[in-house]
Each structure stands twice: as structure tokens, then as C-alpha cells.
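Peer 1: Dropping a structure here in C-alpha cells format, bear with me for questions.
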Amino acid sequence: MTEAPRQGTNWPDLSGRVGEAGHVLPVRVYFEDTDFSGSCYHATYLRWCERGRSDFLRLLGVHHNKLADGSLTGEPSVFAVRRLKAEFLRAARIDEELEVHTDYGTFTKATIILTQHILRGGERVFELEVQCVLLSLSGRVLRLPPALAAQLTR
């Protein structure tokens, strides 16, 4: 019996994939994602979108640990969600296979606005617009470094 590969470079699609239109992350609906009715709990959609944003940034070279150690921005920093606009369109149910799409964003001096949607077989079940701000660890708003902004746009 062969040993299963470990996470990392042995699982190239673990973080989804980035293309010209943005990022796609496949997810499956598990029992833990649902409420008593068998539909996905509302916070589950937000959690999946968070994973999609994190993996999108990771695949673009914007790693959370590099933000935290200051190597991307010149000082330790984090992205924080400032605003969400969510649209729940259809219920997702147990065992369904979904795709979380994250589009390349727009940005200002200190914020990034990303549009995300979750699809089931090409049908939109959820839409999200999220504004994230770059903060120092003390909570001060930071400007996006030009190199970082370039990585986040196409």
C-alpha cells in the first residue's frame, strides 16, 4: 500500500485555481454545513467565501504569514473585512458540489473590493461583495503597496 500524499505541493488543486476571470474553489456541502432543515446554514456561505478569498490571495503570492511578518507591506499587517453585501438566492443542500468564484477586485488606496458568487451546476446560489481594508497590527489603516495592488488586479 502506498502512502497518501501530504498537503502542499502534492495537492496542487487544494487551493482551487486562478484563471483570467479570477479564482474558483470547489466545495462540497457536508452535514456540518446545514441547519435542521437540511439547507446550508447562512454563515456557511460566508465561510466558503472566506476560504475562496484566502486561497485566491495565496495563489497570487499574498500569503497571510507574509502580511503578518511585514515582508509584503513593510510592517506587520492584516486584511480585515469592513463591509459585506450578501444575496442568498437559492438553498444549497447536503452532498451538493459547489464552486466559489472570486473575481479580480477593484481597489482604493487602502481597500480591496471583491465580488464572489457560489454556483451549483452553473446556477448562482449566493452572491457576495466584500470590502477588505489593510490594517497594521495596531489597527491603523495602511495604504496598499503598489506591488501588492498589482498582484490583486488584472
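The values are calculated or read from the model by the stated rules, or taken from the named source; none is laboratory data. As the structure is a prediction and not an experimental result, all values here were calculated from the model. Cβ coordinates were reconstructed from backbone atoms using ideal geometry, including for glycine residues, and neighbour counts include every protein chain displayed. These area figures cover heavy atoms from the full protein model, side chains too; ligands, DNA and RNA do not enter into them. Shrake-Rupley method; radii C 1.70, N 1.55, O 1.52, S 1.80 Å.
Peer 1: Pop out the ³J(HN,Hα) list for region 141-149 in order, Karplus 6.51 cos²θ - 1.76 cosθ + 1.60 with θ = phi - 60°, rounded to Hz; leave Gly and Pro as x.
Peer 2: Those phi angles translate into 5, 10, 6, 6, x, x, 5, 5, 4 Hz.
Peer 1: Could you tell me which of rounded, prolate or oblate describes region 10-136, using a ≥ b ≥ c as the square roots of the eigenvalues of the alpha-carbon gyration tensor, with rounded for a/c under 1.5 and, failing that, prolate when a/b is larger than b/c and oblate otherwise?
Peer 2: Working: a/c = 1.97, a/b = 1.70, b/c = 1.16.
Note, shape of region 10-136 comes out prolate.
Peer 1: Using only Cα atoms, tell me the angle between helix 42-59 and the longest principal axis of the chain; keep it within 0 to 90° and round to the nearest 10.
Peer 2: That helix lies at roughly 50 degrees to the long axis.
Peer 1: Then there is this: When ranked by the protection proxy of mean other Cβ atoms within 10 Å per residue, highest first, what sequence do the peptides 12-19, 76-83 form?
Peer 2: On the way: 12-19: 13.5, 76-83: 15.1.
Order by mean packing, descending: 76-83, 12-19.
Peer 1: Another question, if that's okay. Any chance you could check the Cα centroid distance between region 20-90 and region 139-154 for me, in angstrom?
Peer 2: 18
Peer 1: First compute the accessible area of the chain with a 1.4 Å probe, then give the percent of it belonging to carbon and sulfur atoms.
Peer 2: Numbers: 4910 of 9150 Å².
Carbon and sulfur together cover 54 percent of it.
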